[in-house]
Amino acid sequence: MTDMQKMSSRVNIFFSMALLVFNTFYFVEQGERAIIFWIVFSGVTFLLDLLLGMPLFSNRRHVWIGLRIFELLMYAVAFNLERYNAGLALNSLAMLLLLFQLVFSFDYGDIYTRVITTILGILPAAVVLIINMLLTTMETREIFERTGILACLTALCAVLSSMAVLEMNKIEQKLFEQRRLVDNTKEINEELKQHQEKVKRANAELGVQKIKLETAYNRINSANTEMILQNGILKAMASVIEAEKLLSIMTASLKDELKLNCCAILLKKDAVLNDEPLCSIQSIFSADGEEMLCTAIKENVMDDYLAQRGGYVDNHVRADSYRFLDDRSAGSLLILPIEKEEQIIGGLLAIHTRYDFFTENRMFFDTIMAQFIIALDNAGLYAKMQHMAVCDGLTGIYNRGHLNLKMDQFIRTAEEEKTPLSIALFDIDHFKRVNDTYGHLFGDLVIKTIAGFANEMAKKYKGFAARYGGEEFVLAFPGKDVETCCEIVEEMRSNVHSMKLDYDGVYVSVNVSVGVTGYPQCCEKASVLLEHADWAMYYSKKHGRDQVTVDSAEIRGQLGLTEV
């Protein structure tokens, strides 16, 4: 059902109600039959208009058209029966409205359809008029009057429908243009949306590319910084060959360049011929804090972390997670093992305040540690060469050449600072007989064993042990007086005396004869200490061996020697 049909149905209902009211009051004077007729007529038309406005009939086009034609027939009868101007005008207007509805029920855009529909719509009234003319005696004036009204209604319907069609065409054209404009606007909006989406995607891609470029730029800068740092560290490491200096340079460089809270390196005993563990720490901690950390590291608190393959990293350090850190500020922690021939000989500890610090720089640490191990190998080779140059090949303690150098230092320090310097010279009793009886290999074992006792005393009491020649050895104790030196060498002599060496099931005992002297207690000049110690040792050998003799004027007199 069209919008015009709905509107005309509502107008018809209004006219039917008006016609019912008008005829009821207007025909009061015409008698009961007229009143009843017009009440019935008006009521039927009103009910028809109500039914035609309902969806049941209005949505069925053929039913709607049929009922409208029936209604036209009723109005045609009423039109021909009406003899009063007011009622005739109302009926004519209702017929005109019904004609409009009937015309617009078909293809009203076609002029031929409008003409045919208009003629068909007026035809019921014309047929009724002709029948009325034949069956009744109508005056000529009335015939012309009603015929003229029908003709006027037909012409008026045709003209008004044509005008309505023109207006509706204009409206439809405007609506079409508006729809087209709306469609164009939608298309433009859609294109704009698509363009905006493209722009958004392009901006998103540009943002991603920008982030990637910034990341790449940061990585390049970081790699460049790491390369500069690495070259600087390698250059610094290449300038030293001592292990302790190497550790100090490494820790200081890493701590300063990477802004670390702490950098520590530990080398275990015998890593580079070192008798004790070496530990170097550079940190923002106090001296006491560094000492505590160094002690903890030397006590092997990091061994479990060093044993992990590839090292250990914690980029989100929690408080109290590591007992060797105590309350020190740490956000990230790195522990890397120092390996040599598949053996862990030490470790690196690095601490930084910031979280996630040891993420992208692991390769740098791996590279720098590999270079450090190479430098450490060089330091080890240098230490071996130094050891070979200054140590005796058989016993491992210092040789006579290094003894002469150290004695010069000891003597110079003692004379300049007026500090005591004590010397003990001893040899193995009846060593020739041991060699002749058990052979030179056993004799070498005896020499190495006695050298071990001497070296043990030197380390224990902060002295200096050296092989003086053959089966003779020297113990020097800077800063210690003769009495202290005598106690030390007496402990050594007693240990040697208690020792038993196994030779094919035979236990062999050896003894040593010792001579002790000191500056300034026994000698006025430190330069003659070795000579005086030799005299005292000679006295021990002459008077029973296996004893300690302290240099004195009385002893020299008994030997027939004069003081130098």
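Summing charges over all other residues whose Cβ lies under 13 Å from the Cβ of ASN455, with Lys and Arg as +1 and Asp and Glu as -1, gives +2. Kirkwood's formula applied to the C-alpha pairs of region 475-543 gives a hydrodynamic radius of 13.5 angstrom.
What is the distance in Å between the Cα centroid of region 448-490 and that of region 279-300? Region 448-490 and region 279-300 have Cα centres separated by 32 Å.
Between THR147 and VAL115, what is the FRET efficiency for a Förster distance of 22 Å, r being their Cβ-Cβ separation, to the nearest 0.05? Step by step, r from the Cβ atoms, then E = 0.70. Amide H contacts under 5 Å for ASP429: ASN511, VAL512, SER513, restricted to partners 5 or more places along the chain or on a different chain, H placed in the peptide plane at 1.01 Å from N. Proximity of backbone amide H atoms, modeled 1.01 Å from N, is registered between GLY346 and LYS268, ILE338 at under 5 Å, excluding neighbours fewer than 5 places apart on the same chain. With an 8 Å cut-off on Cα pairs and a minimum separation of 6 or more residues, tell me the relative contact order of region 386-543 in percent. So the answer I get is 29 percent. Karplus-based coupling profile of region 343-359, in residue order and whole Hz: 10, 7, 9, x, x, 10, 10, 10, 10, 10, 5, 6, 6, 6, 6, 9, 10, with θ = phi - 60° in 6.51 cos²θ - 1.76 cosθ + 1.60 and x standing for Gly or Pro. For the pair ASP320 and GLU214, the difference between a 0.36 nm per residue extended length and the Cα-Cα distance amounts to 34.5 nm. For GLY479, the residues 5 or more places off, or on other chains, whose built amide H falls under 5 Å of its own are LEU421, SER422. Between LYS198 and LYS432, what is the spin-label point distance in nm, taking each point 7 Å from the Cα along the Cα→C-beta axis? For the pair LYS198/LYS432, the computed spacing is 11.1 nm.
Quick note: the coordinates plus some simple rules give every number you see, no bench work behind them. Here the structure is a predicted model, which means the values were calculated and not measured. Don't worry about glycine lacking a Cβ; one is built from the backbone with ideal geometry, like all the others, and counts go over all protein chains shown.
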